[in-house]
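Engineer: Pasting in a structure now, in structure tokens, and then I'll have a few things to ask.
Derivation of every value follows stated rules applied to the coordinates shown; laboratory data play no part. All figures in this text were calculated on a predicted structure; none of them were measured in a lab. Don't worry about glycine lacking a Cβ; one is built from the backbone with ideal geometry, like all the others, and counts go over all protein chains shown.
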Amino acid sequence: MCLRPVTTVYGRQAVVVSIDPKRVWVSSPSDTTHRVVRKVKAAAGAGAPTGQGPNGEMYCWYQCTIKGGREARDLDAQQLAVAAEKMGTGELLVRNQCDVNALRMRRHNLCFRI
């Protein structure tokens, strides 16, 4: 799919892609092929950081969903952002619990608003 015809007529700013991500916790970056983000919180009193996941996981990735978050796809938010930019989108709308800062870390490689 190419959005170029729309962007040619109306401009890139008229094309907005919405991403509805879901956090997926993993114990280690090697547990997935997707780009992970390290999420830790300070331990109460011990001084060592602990994971934020339900089982103490310290890493997560943001899985794209469809149908209002009811169906997940094996695609992470950054992969979709890069693909959307290549297809000609001008703006990205990130919904739900995604760590927008994680996407902004790649922002230097993207040429549209997040």
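Engineer: For ILE19, what residues show an amide H to amide H distance below 5 Å, using hydrogens built from the backbone and excluding near sequence neighbours?
Structural biologist: Amide H neighbours of ILE19, under 5 Å, 5+ apart: LEU93, VAL94, ARG95.
Engineer: Right, here's the next one. Modelled label-to-label distance, ALA72 and THR33, 7 Å Cα→beta-carbon offset: nm?
Structural biologist: Modelled inter-label distance: 1.6 nm.
Engineer: Distance in nm between label sites at VAL6 and VAL40, each 7 Å beyond Cα in the beta-carbon direction?
Structural biologist: Those two pseudo-labels are separated by 4.2 nm.
Engineer: Another question about this same structure. Each residue of region 21-35 in turn: what ³J(HN,Hα) in whole Hz from Karplus with 6.51, -1.76, 1.60 and θ = phi - 60°, glycine and Pro shown as x?
Structural biologist: x, 10, 6, 10, 7, 9, 6, 8, x, 6, 7, 8, 8, 8, 6
Engineer: Once amide H atoms are built 1.01 Å from N in the peptide plane, which residues 5 or more positions from VAL26, or in another chain, come under 5 Å H to H?
Structural biologist: TYR59, CYS60, TRP61
Engineer: Okay, moving on. Figure the gain on full extension for ASN55 and GLN79 (residue separation times 0.36 nm, minus the Cα-Cα span) and round it to one decimal in nm.
Structural biologist: 6.0 nm
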